[in-house]
1. Would you mind finding the one in 48, 33 that is surrounded by 21 or more Cβ atoms within 10 Å (Cβ to Cβ) and touching a helix residue (DSSP H, G or I) at 6+ places or on another chain (Cβ under 9 Å)?
2. List, please: which pairs have Cβ atoms under 8 Å, are six or more places apart or on different chains, and start with a residue in region 137-161 that is more than 24 Å from residue 57 (Cβ to Cβ) and end with one that is part of a loop (DSSP other than H, G, I, E, B) and modelled with pLDDT under 80?
3. Quick one: in region 103-122, of everything that is among the polar types (S, T, N, Q) and surrounded by fewer than 16 Cβ atoms within 10 Å (Cβ to Cβ), which residue is nearest to residue 184 (Cα to Cα)?
4. Please enumerate the residues belonging to region 153-163 that are surrounded by 18 or more Cβ atoms within 10 Å (Cβ to Cβ) and either among the hydrophobic types (A, V, I, L, M, F, W, C) or not in a helix (DSSP H, G or I) (or both).
5. Residue by residue through region 164-204, note down the ones that are buried (at least 20 other Cβ atoms within 10 Å of the Cβ) and within 15 Å of residue 12 (Cα to Cα).
Amino acid sequence: MGSIMTWRRLLLLAFGLSMFSSLLYEVVWMRHLSLTFGTTVYSMSAVLTSFMAGLALGAYIFGRIADKSERPLRLFGKLQFILAGYAVLLWPLFFIIRYPYRWLYDQFGNSIPLTITLFILVFLLLIIPTGIIGATFALMSRLYAENTGKDIAEVYAVDTLFGGMGAFMAGFLFLPHLGLLFTTVIAALLNVLVGYLCVRRDAT
C-alpha cells in the first residue's frame with residue numbers, strides 16, 4: 001500500500017514537472033513570436049488563439065485515446081520525449097519563419113490577409129507541441145483518477161501550481177539570466193527526465 005501511495009505522489013510530481021516545463025515553453029515561444037511578429041493586437045491574438053486551439057485539440061483527441069489505451073503511462077512518457085524533441089526543433093524554425101513573414105509584410109502591410117497568414121503560420125508551428133501539452137492533463141487524469149472528484153481536483157491543483165511556478169520563473173528568473181536558448185534546454189531536459197521515469201516504470 002505504501003509503495004502504491006509513493007508512486008502516486010511521484011506520478012503527480014512527474015505531471016507537475018511536465019506542466020512546469022510547458023509553461024517555460026509557452027513564455028519562451030511567446031517571446032520568440034513577439035520578436036518576429038510584433039506585439040500588435042492582431043499578432044498577439046493570433047498567437048493566443050493558436051495556443052488555445054492546440055491545447056483544446058490535444059485534450060480532446062488524447063482524452064479519447066487515453067480511455068482506450070492499455071498503456072497510458074507509456075504513452076505519457078513518449079509524448080514527453082516528442083515534446084522535448086519538437087521544442088528543440090522549434091528553435092531554428094522561429095528564425096526561419098521570419099523571412100517569409102517579412103516578405104508578406106512588405107507585400108500586404110497590416111491587413112486582413114497578413115493576419116490570416118500569421119494565424120496559419122503560428123498554428124502550424126505550435127499545433128504539435130501545444131497539442132501534446134493539452135494531452136498531458138487528459139492522460140494524467142486517466143492515470144491518476146481512482147476517486148474521480150478528489151483525484152481530478154489534485155491533478156488540477158498540481159497543474160495550476162506548477163504551471164504558475166513555471167510562468168513566474170520563466171519570466172522573472174530564467175529568461176533574464178539564462179536567455180531563451182538555455183530556458184528551452186532546461187524545459188526539454190525536464191521532459192526527457194519525466195519521459196524516462198514513466199517509460200521505465202511502465203516496463204517494470
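1. 33
2. Final answer for the pair search is 151/145.
3. 110
4. 155, 158, 162, listed by residue number.
5. 190, 191, 194, 195, 198
Residue-wise test of (1) surrounded by 13 or more Cβ atoms within 10 Å (Cβ to Cβ); (2) small (Gly, Ala, Ser); (3) in contact (Cβ under 8 Å) with a residue 24 or more places away in the chain; (4) in contact with a Cys (Cβ under 9 Å, 6 or more places away or on another chain).
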position: 56; (1), (2), (3), (4): yes, yes, yes, no
position: 73; (1), (2), (3), (4): yes, no, yes, yes
position: 91; (1), (2), (3), (4): yes, no, yes, no
position: 96; (1), (2), (3), (4): no, no, no, no
position: 101; (1), (2), (3), (4): yes, no, yes, no
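The values are calculated or read from the model by the stated rules, or taken from the named source; none is laboratory data. Here the structure is a predicted model, which is why all the values come from computation and not from measurement. All Cβ positions, even for glycine, are placed from backbone atoms using ideal geometry, and neighbour counts span all protein chains on display.
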